[in-house]
């Protein structure tokens, strides 16, 4: 099974595509300057879409 994950790490975050226990693709993004989670959500969405596009996975194939 493939899944998308977001891992916030303070001033950076990772948007990751995982299959079973293997990381297929990761995109790092900056969250610097944002002290709240809500303003960063559009950046997460964009990063996750990039991860999918760059890995050739259709979004319907991801849980």
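The values are calculated or read from the model by the stated rules, or taken from the named source; none is laboratory data. Predicted model only: the values in this text are computed from it and were never measured. All Cβ positions, glycine included, derive from the backbone under ideal geometry; neighbour counts span all protein chains shown.
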> Being part of a loop (DSSP other than H, G, I, E, B), at pLDDT below 90 and in contact with a helix residue (DSSP H, G or I) (Cβ under 8 Å, 6 or more places away or on another chain), is that true of even one residue in segment 13-34?
Replying inline: yes
> List, please: which pairs have Cβ atoms under 7 Å, are six or more places apart or on different chains, and start with a residue in segment 25-38 that is within 13 Å of residue 13 (Cβ to Cβ) and end with one that is part of a loop (DSSP other than H, G, I, E, B)?
Replying inline: 30/11; 31/11; 32/11
>> For segment 2-12, give me each residue that is more than 11 Å from the chain's Cα centre (by Cα) and part of a strand (DSSP E or B).
In response: 2, 9, 12
> For residue 43, all conditions in the list (1) touching a residue at least 12 places away in the same chain (Cβ under 8 Å); (2) outside any helix (DSSP H, G or I); (3) in contact with a strand residue (DSSP E or B) (Cβ under 6 Å, 6 or more places away or on another chain) hold save one; what is the number of the exception?
Replying inline: (2)
